[in-house]
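Following: one structure in structure tokens, then a few remarks.
The values are calculated or read from the model by the stated rules, or taken from the named source; none is laboratory data. Remember, it's a predicted structure, so these values are computed and weren't measured experimentally. Cβ: placed from backbone, ideal geometry, glycine included. Neighbour counts: every protein chain shown.
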Amino acid sequence: MSAQKTTDTSDKLKGSVKEAIGKLVGDPKVEAEGRSQQKSPTPDVKPKTTPKS
């Protein structure tokens, strides 16, 4: 399994867990985030850049 496929699979899993938590606690924002995370091909997290001195 390639690294990209593993990342995509883990993002879909995280999204489904987030969606379920949103449903459980009644938070539509978290539920929507989970749904969008399952559909997005890349994670929403951007790598941190360090300023050069």
Subset of the stretch 5-20 [surrounded by 14 or more Cβ atoms within 10 Å (Cβ to Cβ) and at pLDDT 85 or above]:
11, 12, 14, 15, 16, 18, 19
Quick one: is residue 2 at pLDDT 80 or above and over 8 Å from the mean Cα position of the chain (by Cα)?
no
